[in-house]
């Protein structure tokens, strides 16, 4: 390893040639970005006006609202840094989207100037700096994102400036530069919060470059100015929260982490079925998903790693391929992509380790921290963009190192030092790229769980639903009742009896009185990514899918509905026609099966009530409205107030007997609560259920004692009640007279 003092000496003062070269790089970068602005203005349908709901449109609208005095109006949700930048742009050039894009392009061009300086400081070669600046100037994805109103493009400008200042500080420590680095890091954080990972890299560089006390001083100075840069945002959040918890910068966070890593996630931003069934904390939901599918979670992280280091640029609400390459010949003409930068960037880190191990540690840490800042989210093109600046700088370093060895004709050293790591990098990048197309895998299950509820229902003589089971993190299915705005989730186990060419679809729905209240429709085998639909299944393979839906706030309360499952296929050229497939071995015209009964309740404001009669330790009677008299033949209302003492698994039947003077039954009622519409298996514990029963009075006048109780209709066994050997509770008497 060469000692630092053997590195080529270079001046820290700029010559006229340096200035002219820097200006040339800036003009080239700006010119290329302006060309893409005009290309997109002519052919990009998403250029102007901005599509509703996109991040760009939101940022521009927030800037307009700021000018109107109506924003901010609460703790920041959207990244504020880009909004305030756009406010400044509108103050300079007006409200024209085209002119504002030119301001963004100019900022992107300035980043190329900072990069030229960073490359010069890093490689200790003028041409190394020129190369770094030119690489960033012509890199097509950087050009594209410099023409949009997104946080990542602006954050890339700050990162280029950070690199320039950090490497300059390494050469000649100065307090003002440490303070300025803190400000730049603060601006980066309020523009793209996940890039706060740059701060540890900066602190590591100080620790590696300066004596301990000096490093601590400069670190403290930077952190103070970083805090000052984000303080206005944090203080506003504190004020706007009015005593509630508030974020340091924005309130976005765990919901997006869950979106990117849930049991159905794709590795890019999407609304997966799992997002529809989160009831509480997103972190708890993520941990539950990992427990359910640990191997899939690992494979998803490998896929996201492959996406990150690949040439792919997955879109979100802005697509580089659709709005960039498809409309701009310039972007199509430049053969650079992210995987190429990744290869040479990491090769540059290897070169740094040979020549300056501390510098190599800094850049390795920088690459890995930016990568780590993206991994909790999804590996889409725009989130990868901030990594371009350090990769470009390291690529320039690799070029200089390789050139020096080649110029000195040190071919053996060149091969010995760089052939093995280059081969390892190529293999790693190729392997990760291959993983993108195959992970996470959808595999048949090894066996059926012990708690499976068997069904064995068949459709089309080909598709069989073996059974289903409940899951502990979503107790609604196990209990048979739930609170509104909570999720109903089950796991289904499918197989095909013979190879099929049909891709079946299914629905799982909550039906009350024939009306669909909530439900989930999806192709069988495609709930989770990566989809493996029924046409790809083989007999003997069993596939399990976790799925569900959320009960809406306006769901009918205190009435049982059916959880029904049906199978259908889509027909027609555009698959717009749905053909329902009847259930085999079911009653004629049955188009679905019923998994269970479910009732929805409003659980707020309920308190445990002491009962005066307890039946079998399961049902408590704590209120009764029993009219003392009635007319012969009258239909009399008896009102009961019940509480379940536990989660009941049985649908008990209520009976009421009126006995004559001989002890014979003079009138009788048998039925489940609420006219058979609220079975006891759907009652939540400690919830008061009011049940009104109509009992027809006998025609003969007299005084009739009233008894009641509960029994299991399957066995006719009565629930015992204290003080009654026959399971009948005496409620009182009713006088029947005209």
Unique residue being outside any helix (DSSP H, G or I) and either touching a strand residue (DSSP E or B) at 6+ places or on another chain (Cβ under 8 Å) or outside the structural domain of residue 553 (by TED's automatic domain parsing) (or both) when the list is 186, 196, 280:
280
Just checking, which of 30, 46 is touching a helix residue (DSSP H, G or I) at 6+ places or on another chain (Cβ under 6 Å) and not in a helix (DSSP H, G or I)?
46
Of the conditions (1) within 16 Å of the chain's Cα centre (by Cα); (2) surrounded by fewer than 20 Cβ atoms within 10 Å (Cβ to Cβ); (3) without any contact (Cβ under 8 Å) to a residue 40 or more places away in the chain; (4) closer than 26 Å to residue 54 by Cα, residue 258 satisfies every one except a single condition; which number is it?
(2)
Out of all the residues in segment 364-383, is one or more more than 28 Å from the chain's Cα centre (by Cα), assigned to a helix (DSSP H, G or I) and at negative phi?
yes
Checking residue 226 against (1) within 30 Å of the chain's Cα centre (by Cα); (2) buried (at least 18 other Cβ atoms within 10 Å of the Cβ); (3) free of Cβ contacts under 8 Å to residues at least 24 places away in the same chain, which test does it fail?
(3)
Take the residues in segment 432-446 that are free of Cβ contacts under 8 Å to residues at least 24 places away in the same chain and loosely packed, with under 12 Cβ neighbours inside 10 Å, then tell me which one is farthest from residue 590 (Cα to Cα).
437
Expected single match for modelled with pLDDT of 95 or more and within 30 Å of residue 291 (Cβ to Cβ) among 396, 435, 401, 446 is 435
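Conditions tested, residue by residue: (1) more than 21 Å from residue 634 (Cα to Cα); (2) outside the structural domain of residue 475 (by TED's automatic domain parsing); (3) without any contact (Cβ under 8 Å) to a residue 12 or more places away in the chain; (4) surrounded by 19 or more Cβ atoms within 10 Å (Cβ to Cβ).
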| site | (1), (2), (3), (4) |
| --- | --- |
| 664 | no, yes, yes, no |
| 679 | yes, yes, no, yes |
| 697 | no, yes, no, yes |
| 705 | no, yes, no, no |
Looking at 663, 702, which one is more than 30 Å from residue 596 (Cα to Cα) and touching a strand residue (DSSP E or B) at 6+ places or on another chain (Cβ under 8 Å)?
702
Which numbered condition residue 242 misses (of (1) more than 17 Å from residue 168 (Cβ to Cβ); (2) over 27 Å from the mean Cα position of the chain (by Cα); (3) modelled with pLDDT of 95 or more)
(3)
Please go through segment 289-302 and give me each residue that is farther than 18 Å from residue 373 by Cβ and buried (at least 20 other Cβ atoms within 10 Å of the Cβ), ordered by number.
289, 296
Determine, yes or no, whether residue 64 is at pLDDT 95 or above and either surrounded by 12 or more Cβ atoms within 10 Å (Cβ to Cβ) or not assigned by TED's automatic domain parsing to the domain that holds residue 196 (or both).
yes
One residue is enough: does segment 398-406 have a residue meeting the conditions surrounded by fewer than 16 Cβ atoms within 10 Å (Cβ to Cβ) and farther than 30 Å from residue 110 by Cβ?
yes
Reported set for segment 455-478 where residues are in contact with a strand residue (DSSP E or B) (Cβ under 9 Å, 6 or more places away or on another chain) and more than 24 Å from residue 584 (Cα to Cα) is 470, 471, 473, 474, 475, 476, 477, 478
Please work out if residue 636 is buried (at least 18 other Cβ atoms within 10 Å of the Cβ), modelled with pLDDT under 95 and outside the structural domain of residue 480 (by TED's automatic domain parsing).
no
So which residues in segment 224-274 are part of a loop (DSSP other than H, G, I, E, B) and more than 30 Å from residue 438 (Cα to Cα), if there are any at all?
242, 243, 244, 245, 246, 247, 248, 249, 250, 251, 252
Flag for residue 617 being under 23 Å from residue 719 (Cβ atoms) and exposed (fewer than 15 other Cβ atoms within 10 Å of the Cβ):
yes
All but one of (1) part of a strand (DSSP E or B); (2) more than 29 Å from the chain's Cα centre (by Cα); (3) buried (at least 17 other Cβ atoms within 10 Å of the Cβ) hold for residue 558; which doesn't?
(1)
Considering (1) at pLDDT 95 or above; (2) closer than 30 Å to residue 479 by Cβ, say which one residue 659 fails and leave the rest.
(2)
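The values are calculated or read from the model by the stated rules, or taken from the named source; none is laboratory data. In this text the structure is predicted, and so the values were computed from the model without any measurement. Cβ sites come from the backbone with ideal geometry, for glycine too, and all protein chains shown count toward neighbours.
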